[in-house]
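A short worksheet on the structure shown next.
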Amino acid sequence: MSARERILGRLRTPGTAPEMPDVAGWYRARQRNETTPERITRLRAVLESVHAEVHETTDWPALLLQIATSKGLNNLLIGDNTPHGEHLASLAADKLTLIRYSEPIDGWRNRLFDEVDASLTLARSAIAETGTLILWPDASEPRTMSLVPPIHFALLDVNKIHADFDAAMRTENWQAGMPTNALLISGPSKTADIQQTLAYGAHGPRELVVLLCHTGVLS
Amino acid sequence: MSQIIHFDPDQDFKARSRTAVNDPAQRANFRGAMDFLQAKRRGQFGDQDELAGLRAIGAAIRQNSLAKLPELLELLEKNLTANGIQVHWAETAADANAIALGIARRVGARNIAKGKSMVSEEIGFNHAMADAGIDAFETDMGEYIVELAGEKPSHIIMPAIHKTKQQIAALFAEKIPGVAYTEDVDALIRIGRQVLRGKFAGADVGLSGVNFAVAETGTLCLVENEGNGRMCTTVPDVHIAVTGIEKVVEKLEHVPPLYSLLTRSATGQSITTYFNMISRPRQEGEKDGPREVHLILIDNGRSQAHADEQLRATLQCIRCGACMNHCPVYARIGGHAYGTTYPGPIGAIVSPHMLGLNATYPLAFASTLCGACVEVCPVKIPITDILIRLRNEAQAGEEQASLRGSGAGRSALATAIWKGWSLIYSRLGIYRLTSWFISRGHKLSPVSQGAWTKCRTALKPAPKRLRDLIRERRS
Ligand code: SF4
């Protein structure tokens, strides 16, 4: 008998399972039926309370280039052939050096860690309750983009803010198929491991800059 | 079966506790940390009705999952396998390490970057790898500090909670080349970040724990603030996740309530910085992520708890640490005195299954049964009932013994005393005679009564029995 069979054998005991709670009902009863502006306000407040930088804009490329200049960035990592990335590229010209994530990490791991100043990715949606961005990284915007560079810019369409995590999963029907990696990101990386003193910039980005786009991410 | 014994002979628990309570600096560290964590948690649960509702949901999800555990594990395995994640089963700590070592050797790994995982502590992972010549290094800031100091975590959520920033400053200055003494916490974190960043890029294998394993989608969920967990599960070519068999939940919809209970109970955060949900290794065309993902499901005594109707509740635990944050005993003796990987109330009830009751029963007695842990446990584990049960198990005679190490705390003297007690209390004649002798001889009761009189006045029988007093009143 294998370890698997022995373990499962020990766990098989007669008896009936207690009833599962009505999770959907619980969250439904707590819905606030907010308008988009109300959700934006909530999302902003929570994100800012954990040191994220939040901007509302109708012209994100201009705003991003301006912030990049004020932060003194040497370069910005963008996705491989994404509509928003190319849109930025068409406007950035000589204002900011853009690096495209076009090769697998294996060939340029050290450069990614040592030379990239910041990155730009799209957030799929967000959660107002906890001040959370939802990212489903993919081939064009890989996982390390929101992790390795010290500054992470995230674009979010303001019409994609859910009330809570449960609503996000249900509305987007996650259980029908999960991506390789799904991420909830709520602020820049942090730690309180030294005498409970909060410090930002643990291993992930030191800064999270959220650009809330009022007119979609492509206009 | 080889076991990692973190626990020295049982009398040592008392000695260690005594040392700990006599260390004022360490006690101040723990007191400060406990006050801080308690206040943070309170701040999250202003709405008592919401808390009650959410706890009921959390407890029910965990109970239901445990009742269906074998089916859910099979479903999890099926879906993970379909997603390309390889599933392994380990009955013991040694088996788990052997499986991980097999993977590491096959891919020619020289080092392993570790995210925070209490299960890896439980199985003595780092030691096992070091013995095989593989450098397994910690990357969580707290774990890194503890590793640098050559210690073990003293708390399941905040491993370095016993240390002050001055101690950490001195440690960094001594152990990290080129680092000057600084008590500035931001500077200390920057140093840790710098050192570890260099190591992530060169890591061959990443190791992580698992907070929730979702059966219906085959998804591993990890909770963290620092980003080191994401580094370990994203940057190296191979990712190995280790977890106890109890961590499985049936559906994705069970994750939000449990995740909310976990972070709010643990550190008083409404959410952590990262929630990392992994369902596959790197797919064709994707540019990063590990090419292999493995999950090692570990029993290590958990099935013993599962088999017992009352003790099964132990496995509901989501490892939030709230029970230790609110425990008056833990606050005073700290995490190391327990001598087990998991300290505090949860440690007292879960360790007997991993290490045997013989090695751990004194922990069940290290409680006032005040119930603070039961009040805060987000999944409503009846911790005090389980402590009493374990106390009884420790005294159990051969006929009643049901756990590994049952009866280890049994002493001939105590057994004889209780036998006598039951004899006296079940025969009226003997009872009357004994109580008459005791009350009349009350002056002879000893002034020194062992531990009792160390900080209390001696117990003295009343000069007259209740029955004598009633008789006097009537006459
Ligand atoms: S026993 Fe309850 S309070 Fe203690 S760590 Fe587990 S879930 Fe948290």
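The values are calculated or read from the model by the stated rules, or taken from the named source; none is laboratory data. Predicted model, so just to flag it, every value in this text is computed and none were measured. Using ideal geometry, Cβ is built from the backbone for each residue, glycine included, and neighbour counts are taken over all protein chains shown. The protein model used for the area step is the full one, side chains on, heavy atoms only, and it has no ligands, DNA or RNA in it. Shrake-Rupley method; radii C 1.70, N 1.55, O 1.52, S 1.80 Å.
The table below gives the values:
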| quantity | calculated |
| --- | --- |
| Surface share of carbon and sulfur [accessible, 1.4 angstrom probe, percent] for region B:412-474 | 67 |
| Shielding by partners - mean other protein chain Cβ count within 10 Å, residues of B:286-294 | 6 |
| Overall form of region A:34-213 per C-alpha gyration tensor (a/c, 1.5; a/b vs b/c) | rounded |
| Top of A:His203, A:His51, A:His162 by mean-square fluctuation, Gaussian network on chain A, Cα under 10 Å | A:His203 |
| Within 10 Å of each Cβ in B:197-204, the average number of Cβ atoms from other chains | 3 |
| Average accessible surface area per residue within region B:412-474, 1.4 Å rolling probe, Å² | 89 |
| Computed over region A:90-219: relative contact order in percent, which uses C-alpha pairs under 8 Å that are six or more apart | 27 |
| Shielded residues, region B:212-229 - accessible-area loss of 20 Å² or more between chain alone and all protein chains, probe 1.4 Å | B:Glu216, B:Thr217, B:Asn225, B:Glu226 |
| 222 nm mean residue ellipticity, helices alone, for the protein assembly as shown (DSSP H n ≥ 4; -39,500 (n - 2.57); rounded to 500) | -13000 deg cm²/dmol |
| Buried solvent-accessible surface, both chains (A, B), 1.4 Å probe, Å² to nearest 100 | 7300 |
| Folded to 0 to 90 degrees: helix B:344-355 orientation relative to chain B principal axis, Cα | 80 |
| Spin-label pair B:Lys199/A:Thr215, simplified geometry with 7 Å Cα→Cβ offset, distance in nm | 5.0 |
| Solvent-accessible area, 1.4 Å probe, carbon plus sulfur percent, for region B:28-74 | 49 |
| Carbon/sulfur fraction of accessible area - chain A, other protein chains in place, 1.4 Å, % | 49 |
| Computed over the protein assembly as shown, Cα set: Rg, Dmax in Å | 28.1, 111 |
| Shielding by other protein chains, B:265-272, mean Cβ within 10 Å | 4 |
| 10 Å-binned pair-distance histogram of chain B (Cα, whole percent) | 4, 18, 27, 24, 13, 7, 4, 2, 0, 0 |
| Solvent-accessible heavy-atom area per residue, rounded to whole Å², over region B:241-283 at 1.4 Å | 14 |
| Among the listed pairs B:Lys114/B:Lys199; A:Lys190/B:Lys380; B:Lys116/B:Lys163; A:Lys71/A:Lys95, those beyond 20 Å (Cα-Cα) | A:Lys190/B:Lys380 |
| For region A:34-213, accessible area per residue (1.4 Å probe, heavy atoms of protein chains only), Å² | 35 |
| Computed label-point distance, nm, for sites B:Arg432 and B:Ile470 using a 7 Å Cα→Cβ extension | 1.2 |
| Most mobile of A:Leu135, A:Leu147, A:Leu11 in a GNM of chain A (Cα contacts under 10 Å) | A:Leu11 |
| Global form of region B:417-472, assessed from the alpha-carbon gyration tensor, a/c cut-off 1.5 | oblate |
| Efficiency of FRET between B:Ala412 and B:Lys14 - r from beta-carbon atoms, R0 22 angstrom, step 0.05 | 0.60 |
| Debye-sum result for region A:117-174 in log10 I(q)/I(0), which assumes one identical scatterer on each alpha carbon, at q = 0.15, 0.17, 0.19, 0.25 Å⁻¹ | -0.45, -0.57, -0.70, -1.02 |
| For region A:137-202 versus region B:62-131, the gap between their alpha-carbon centres in whole angstrom | 26 |
